[in-house]
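The values are calculated or read from the model by the stated rules, or taken from the named source; none is laboratory data. Small disclaimer: the values here were computed from a predicted structure and weren't measured. Glycine also receives a Cβ, built like all others from the backbone with ideal geometry; neighbour counts cover every protein chain displayed.
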């Protein structure tokens, strides 16, 4: 009887270990290791990847790539890379997708990029920026036009614990307001919930990221941009990068040319976005990000910025420095080292 | 002594399994090593926030458990009055029992302030279990004793104290033991979704945002330990009450 029990326990342990190893293998064909360099160096001739999988969000990042996505899906232009795009609603899904190797390139929040780089010992690298600020301050109160008017008011905001919180609080403090004393911020769990609150009249001043800001503006219920946060950021000379593109370091090392191609194509998509707003708006609707009319209105309000190389490093460093002072944990506890950046 | 030895050896085996898995996975952001988690928990325990959070969460869920118990008993008593009241109340209880916790959390978030949701959800976990058990206890009261009570013209209070209570108490006790652990888990889940400030769930959620897996494990360990402690305390209390009656 006793031996039977022992055997049962041993089998249970073996099964448990087996399950975990098997799961790991399914997710990631190559064993993950803390060390970034593989023992076998890249062969002299570089292979081209079968497919380059890119993940973007239903928001400004998706908007920036919508031209590229359209061209790829309609086959109008042939690109050197064979792209496969996925547009996700939730940032978490994208974060886990890039970690597990489901996608090769992803658009994620800037602080998430730093945190992931730190926590995974360099499994991802930043290759380009995608947006500066994406927040807007909307209100149905026409008397609010400057930061002084916010004194004594309560702002409804969302995205606590993300760059949205830090950027908002930084802008407010730079303009002489004291959070909790001269101005109150109430944080809601979901951006969409903030929009709902505004719609049923329980939120007079809302700070929302795009595309929710434009969604509320388009609802036409009396909300307008109270204070243009983009201008405020310029005035305070703040260096804000809210979104970046990252690549899996493994992928980068295997296929550096493919990454270069993406940077080229991404820049092209970005340029087209800012130059032909109405056409891109239709592509945005095509990718199921938002209706074309809403997109056309939103694009001018969003500070898109596709930078690579040294300029990207400068912008991101500035952002990480700011975040490190506000909350080091948001970037993974320490400033990321310079090799977070791909500057070829 | 033998019990302690058995406990320690089992603990050692499972921690070794954890260690092996962490070694195989070799990624701290996925499965951290046991000693890293313990160290993180130790560091957390030095912060005031940690104890504040534990107390907040405990208080919230405990309130929910008490409220749920009271309502559970009320429903059980009402259901035992007549067949009709039983038919009236039992679908309500059945629905509460069958609804997924997540649905309650999301629904409650719409109506209540986020600080109250964990209490509400814990209460909802406790109600169906308590009402079912207490109702069974009431129904299983020895009919002979009740007959005797009628014969001897016992007043309501005496009947309650000496006949009903002893019959219901063991059922009540088992209801408490079952539901407390579940209520605690559900309460923490509610906290993670609602993020009321300075609760365990709030910090647990933050570990996700910061990709701080060791902290995630540490906070989870804290929840597990507190669960054992609560169940132990309540178990002892109930034993005490049982012995006195």
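So, residue A:334, is that one part of a loop (DSSP other than H, G, I, E, B) and either outside the structural domain of residue A:109 (by TED's automatic domain parsing) or in contact (Cβ under 8 Å) with a residue 40 or more places away in the chain (or both) or not?
For residue A:334, the condition - part of a loop (DSSP other than H, G, I, E, B) and either outside the structural domain of residue A:109 (by TED's automatic domain parsing) or in contact (Cβ under 8 Å) with a residue 40 or more places away in the chain (or both) - is met.
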**Asked** Quick check: is even one residue across region B:82-92 within 24 Å of residue B:231 (Cβ to Cβ), modelled with pLDDT under 95 and more than 16 Å from the chain's Cα centre (by Cα)?
**Response** no
**Message:** Can you pull out every residue in region B:193-245 that is part of a helix (DSSP H, G or I), under 19 Å from residue B:114 (Cα atoms), within 13 Å of another protein chain (Cβ to nearest Cβ) and touching a residue at least 12 places away in the same chain (Cβ under 8 Å)?
**Reply:** B:193, B:194, B:201, B:202, B:203, B:204, B:205
**Prompt:** Restricting attention to region B:4-14, does a residue exist that is assigned to a loop (DSSP other than H, G, I, E, B) and more than 14 Å from every other protein chain (Cβ to nearest Cβ)?
**Reply:** no
**Answer from A:264, A:250 - the residue that is at pLDDT 90 or above and more than 21 Å from residue A:57 (Cα to Cα)** = A:250
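Among the listed residues A:245, A:283, which satisfies the condition of being assigned by TED's automatic domain parsing to the domain that holds residue A:60, farther than 30 Å from residue A:144 by Cβ, in a strand (DSSP E or B) and modelled with pLDDT of 90 or more?
The unique qualifying residue is A:245.
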**Prompt:** Among B:56, B:87, B:79, which is surrounded by fewer than 14 Cβ atoms within 10 Å (Cβ to Cβ) and either in a helix (DSSP H, G or I) or out of contact with any strand residue (DSSP E or B) (no Cβ under 9 Å at 6 or more places or on another chain) (or both)?
**Reply:** B:87
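Being closer than 16 Å to residue A:161 by Cβ, touching a strand residue (DSSP E or B) at 6+ places or on another chain (Cβ under 8 Å) and not in a strand (DSSP E or B) is true for just one of A:81, A:95. Which residue is that?
The match here is A:95.
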**Fill in**
Exactly one of B:95, B:105, B:110 is part of a helix (DSSP H, G or I), touching a helix residue (DSSP H, G or I) at 6+ places or on another chain (Cβ under 6 Å) and either at pLDDT 95 or above or more than 21 Å from residue B:176 (Cβ to Cβ) (or both), and that residue is B:105
**residue A:228 vs. criteria modelled with pLDDT of 90 or more and surrounded by fewer than 18 Cβ atoms within 10 Å (Cβ to Cβ)** = yes
**Asked** So, of the residues in region A:120-171 that are within 14 Å of chain B (Cβ to nearest Cβ) and part of a loop (DSSP other than H, G, I, E, B), which turns out to be surrounded by the fewest Cβ atoms within 10 Å (Cβ to Cβ)?
**Response** A:121
